1. Give a quick list of chymotrypsin sites (Phe, Trp or Tyr not before Pro) in the range 78-146 that DSSP marks as loop, anything other than H, G, I, E or B, with at most 14 other Cβ atoms within 10 Å.
2. Take the chain, mark every one of the trypsin sites (Lys or Arg not before Pro) that falls in a DSSP loop and has at most 11 other Cβ within 10 Å, then report the longest stretch left between them, sites excluded.
3. Gain in length, Ala17 to Phe140, computed as 0.36 nm per residue apart minus the alpha-carbon separation, to one decimal in nm?
4. I need Asp11, Asp121 ordered by Cβ neighbour count within 10 Å, fewest first.
5. Using alpha carbons only, how many degrees (0 to 90, rounded to 10) separate the axis of helix 99-111 from the longest principal axis of the chain?
6. Taking the Cα atoms only, what angle lies between the long axis of helix 77-97 and the longest principal axis of the chain, rounded to 10 degrees?
7. If neighbour count is taken as other Cβ atoms inside 10 Å, put Met93, Met112 in order from fewest to most.
8. List the relative contact order of the chain as a percent without decimals, with contacts defined as Cα pairs under 8 Å and 6+ residues apart.
Amino acid sequence: MQSKFEDFRWDVVAGGAMILIALLFLVVGSQLTFGSLTRMGPGFLPVCAAIGLVVLGAVVALEGLKGETAVPELPKLRPFLVVIACPIVFSLMIEWAGMVPTVLVTAVLARMAEPLKWGWDLVLVPIGLAAVGVFIFIDFLGVAIPAF
């Protein structure tokens, strides 16, 4: 005999929560100027994202209705913490450390979301990201961020 927890359709709840959050964004975004594709107003992105989230939430809820019930696994805490930490570290470092050290530290930190497998990609990817970041943001766009 299964417990009520195991019979519960968590996908339906998740889809419903996504739809409710999207409707909140839709209400707030609709009070702002929408604009057009060529001259987007401040309400353009929230409204479009909310519509996409409503569709995605409906798909998740419908999949939950037709699928088998399953006990959800506990989420992994490490990737969650790394995703939260990376933008915080980036925003704290960028002004005083510069683009290259900040991107190197953030890229290595992002790799820590999963257990590290030491290889050349652990060195080459951060260096490549730093080089591309310097080229795009400092050289090409002229953003006033020091490289070092």
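Coordinate-derived values only; no laboratory data. All figures in this text were calculated on a predicted structure; none of them were measured in a lab. Neighbour counts are summed over all protein chains in view; Cβ atoms, including those assigned to glycine, are modelled from backbone coordinates with ideal geometry.
1. On the way: sites: Phe80, Phe90, Trp96, Trp118, Trp120, Phe135, Phe137, Phe140; in loops: Trp118, Trp120.
Sparse-neighbourhood loop chymotrypsin sites (Phe, Trp or Tyr not before Pro): Trp118, Trp120.
2. So the longest stretch without any such site is 77-116.
3. Details: separation 123, 0.36 × 123 = 44.28 nm, distance 4.15 nm.
Full extension of this stretch gives 40.1 nm more.
4. Working: Asp11 20, Asp121 11.
Ranking Asp11, Asp121 by Cβ neighbours within 10 Å, fewest first, gives Asp121, Asp11.
5. Orientation of helix 99-111: about 40 degrees from the principal axis.
6. 30 degrees
7. On the way: Met93 17, Met112 14.
If I rank by nearby Cβ atoms, fewest first, I get Met112, Met93.
8. Relative contact order, the chain: 22 percent.
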